[in-house]
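Notes follow the structure.
The values are calculated or read from the model by the stated rules, or taken from the named source; none is laboratory data. Since the structure is predicted, the reported quantities are computational estimates derived from the model, not experimental observations. A quick note on method: Cβ atoms are made from the backbone with ideal geometry, for glycine too, and the neighbour counts reach across all protein chains shown.
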Ligand SMILES: *[C@@H]1O[C@H](CO)[C@@H](O)[C@H](O)[C@H]1NC(C)=O
């Protein structure tokens, strides 16, 4: 028996409505009696379709082993295909001598470029898109010393211009343009990657964007990749907004990071609109190209982020908190392997197994098919749902979780006639739990919490939330 104590956070629940004939028990009376103790309710509206699933949250930064400049097959394919892998973001960061990037000389640049090319080729093998991190190829990957040069230091752009010429030529020579996004500089506001002024950064942006846009037509240019969403008086967002509205060098995709509680992608979407209005900027697709602080990488947090990103049509990539070669492994902490996180770690080692979160992305990528439907998270913003359906009751799939907080939230499912059910009657839910055993802890398939029948009327059913220990004790 799995030890329930190994679930540190609220258990994540994935439910599939199924036909009443599958009912095998469950005690409706007890659950309903506790409704007044509940923290809130999320809603799934089956009658409101919202497009084909595009797995907007199924991406990660780095996470793919290097293989010189070739495709890597080190991680077995199914780990990528089962989660409908959509996006990787890399540029050779953290590789030591002799692969530290442009500012350490042409050979160190070439070696680092090889890593990016290998990761690009592996990503494209699965049809996913690749975001190239230009700052990492430069060498500003957070390991650079305090004396490291930055583009435009002392008003001199010679090295940066030569760098762009070299990079653009290498991207073309290696057929690296299809499925490519270019991220001009990561987290200029954070001292790890940029230690110069807003003005020097926007001058660089205005220099780089026209070159990429003119010399690499069709490539997507993404930015500003600031470490937070916009907020009133944020000097980096304000500087950027003013600079690009003046120059017209507007990215194809707006990007930023959402790395820690209480940042919320749903609120960020509104913040972006406010910021755009202030500077008269057009709407663009959005990409949170790093989501999830280390303490927000668990099945519960992943499911909550998936729900937030999907509802707001924001693409997202999981942040990656590893260093050196382990940064280039485990698909952004979705996998483990023998020696992971220890001194016996082997960059070329195999024996990969899923960590807890991988099963969430697999359910999201493989089981949740058909059409997305409209949802609403709980009013306290602590609990959310993502849902899909086909045309029958047992095609309905709901991924639900709190943002790691303890509590009991319920789910209201409306529009049952959209999946062929009568407006009143009974329906059953099959519930699965996704466990977590730490960053590299191996986790098996989701735990079956059984089937419960619900009486309903008014074309909607109330699915009582599960309290984490009580849920497990039901069996
Ligand atoms: C997901 O779908 C597969 C294939 O149909 C099935 O075997 C598996 O039980 C499903 N997982 C869950 C948690 O429903």
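Residues that are in a helix (DSSP H, G or I), under 28 Å from the mean Cα position of the chain (by Cα), in the same structural domain as residue 238 (by TED's automatic domain parsing) and modelled with pLDDT of 95 or more: does region 137-155 have at least one? Before you say what the answer is, go through the steps one by one.
To start, the set of residues in region 137-155 that are in a helix (DSSP H, G or I) comprises 137-138, 153-155.
In the following step, the residues that additionally are under 28 Å from the mean Cα position of the chain (by Cα) were identified as 137-138.
Next cut, in the same structural domain as residue 238 (by TED's automatic domain parsing) only: 137-138.
Still in the list and also modelled with pLDDT of 95 or more: 137-138.
Among the residues of region 137-155, at least one is in a helix (DSSP H, G or I), under 28 Å from the mean Cα position of the chain (by Cα), in the same structural domain as residue 238 (by TED's automatic domain parsing) and modelled with pLDDT of 95 or more, which makes the answer yes.
Please indicate, with yes or no, whether at least one residue in region 433-455 is within 25 Å of residue 50 (Cα to Cα), at pLDDT 95 or above and more than 23 Å from the chain's Cα centre (by Cα). Let's see the steps before the verdict.
The first filter runs over region 433-455 and keeps only residues within 25 Å of residue 50 (Cα to Cα), leaving none.
So far as region 433-455 goes, no, none of its residues is within 25 Å of residue 50 (Cα to Cα), at pLDDT 95 or above and more than 23 Å from the chain's Cα centre (by Cα).
Out of curiosity, is residue 388 under 16 Å from residue 44 (Cβ atoms), within 14 Å of the ligand (Cβ to nearest atom), at pLDDT below 95 and part of a strand (DSSP E or B)?
No.
Can you pull out every residue in region 125-148 that is closer than 19 Å to residue 71 by Cβ and touching a strand residue (DSSP E or B) at 6+ places or on another chain (Cβ under 7 Å)? Before the answer, list the steps.
Within region 125-148, the subset closer than 19 Å to residue 71 by Cβ is 125-132.
Answer for region 125-148, where residues must be closer than 19 Å to residue 71 by Cβ and touching a strand residue (DSSP E or B) at 6+ places or on another chain (Cβ under 7 Å): 128, 129, 130, 131, 132.
Restricting the search to region 368-385, which residues are surrounded by 15 or more Cβ atoms within 10 Å (Cβ to Cβ) and within 14 Å of the ligand (Cβ to nearest atom)?
Scanning region 368-385 gives 368, 370.
Just to be sure, is residue 423 in a loop (DSSP other than H, G, I, E, B), touching a helix residue (DSSP H, G or I) at 6+ places or on another chain (Cβ under 9 Å), farther than 18 Å from residue 308 by Cα and away from the ligand (no atom under 16 Å from the Cβ)? Before the answer, list the steps.
Working: in a loop (DSSP other than H, G, I, E, B): yes; touching a helix residue (DSSP H, G or I) at 6+ places or on another chain (Cβ under 9 Å): yes; farther than 18 Å from residue 308 by Cα: yes; away from the ligand (no atom under 16 Å from the Cβ): yes.
The answer is yes for residue 423.
Of the numbered conditions (1) under 23 Å from residue 186 (Cβ atoms); (2) in contact with a strand residue (DSSP E or B) (Cβ under 9 Å, 6 or more places away or on another chain); (3) crowded, with 19+ Cβ neighbours inside 10 Å, residue 79 satisfies every one except a single condition; which is it?
The number of the failed condition is (1).
I want to confirm something. Restricting to region 426-441 and keeping residues that are touching a helix residue (DSSP H, G or I) at 6+ places or on another chain (Cβ under 9 Å) and in a strand (DSSP E or B), which single residue is nearest to the ligand (Cβ to nearest atom)? Reasoning before the result, please.
Within region 426-441, the subset touching a helix residue (DSSP H, G or I) at 6+ places or on another chain (Cβ under 9 Å) is 426-428, 430-439, 441.
Right, trim to in a strand (DSSP E or B) and you get 426-428, 430-434.
Numbers: 426: 21, 427: 17, 428: 14, 430: 7, 431: 10, 432: 4, 433: 9, 434: 8 Å.
In this case the residue turns out to be 432.
In this structure, is residue 399 under 28 Å from residue 427 (Cα atoms) and either in contact (Cβ under 8 Å) with a residue 24 or more places away in the chain or surrounded by 24 or more Cβ atoms within 10 Å (Cβ to Cβ) (or both)? I'd like the intermediate steps shown before the answer.
Values: under 28 Å from residue 427 (Cα atoms): yes; either in contact (Cβ under 8 Å) with a residue 24 or more places away in the chain or surrounded by 24 or more Cβ atoms within 10 Å (Cβ to Cβ) (or both): yes.
Spelling it out, residue 399 is indeed under 28 Å from residue 427 (Cα atoms) and either in contact (Cβ under 8 Å) with a residue 24 or more places away in the chain or surrounded by 24 or more Cβ atoms within 10 Å (Cβ to Cβ) (or both).
May I ask you to list the residues in region 391-406 that are part of a strand (DSSP E or B) and either over 19 Å from residue 262 (Cβ atoms) or within 16 Å of the ligand (Cβ to nearest atom) (or both)? Please lay out each step first, then the result.
Residues of region 391-406 that are part of a strand (DSSP E or B), as a first pass: 397-402.
Selection gives 397, 398, 399, 400, 401.
How many residues are touching a helix residue (DSSP H, G or I) at 6+ places or on another chain (Cβ under 7 Å) and in a strand (DSSP E or B) if we restrict to region 224-255? Before the answer, list the steps.
Restricting attention to region 224-255, the residues satisfying the condition of being touching a helix residue (DSSP H, G or I) at 6+ places or on another chain (Cβ under 7 Å) are 224, 226, 229-231, 235-237, 239-243, 245, 247, 249-250, 254.
Still in the running and in a strand (DSSP E or B): 224, 226, 254.
Selection size over region 224-255: 3.
Return the residue satisfying two criteria in turn: it lies in region 314-366 and is within 25 Å of residue 258 (Cβ to Cβ) and free of Cβ contacts under 8 Å to residues at least 60 places away in the same chain, and of such residues it is nearest to the chain's Cα centre (by Cα).
321
Applying the selection to region 190-202, what residues are buried (at least 21 other Cβ atoms within 10 Å of the Cβ) and in a loop (DSSP other than H, G, I, E, B)? Quick ask: steps written out before the conclusion?
Going through region 190-202, the residues buried (at least 21 other Cβ atoms within 10 Å of the Cβ) turn out to be 193-194, 201-202.
Correct list: 193, 194.
Condition (residue is in contact with a strand residue (DSSP E or B) (Cβ under 9 Å, 6 or more places away or on another chain), in a strand (DSSP E or B), more than 16 Å from the ligand (Cβ to nearest atom) and not assigned by TED's automatic domain parsing to the domain that holds residue 41) applied to region 338-354: is it met by at least one residue?
yes
Does residue 89 fit the bill of being in the same structural domain as residue 352 (by TED's automatic domain parsing) and part of a strand (DSSP E or B)? Write out each step before concluding.
Details: in the same structural domain as residue 352 (by TED's automatic domain parsing): yes; part of a strand (DSSP E or B): yes.
Yes; evaluated as a whole, the condition is true for this residue.
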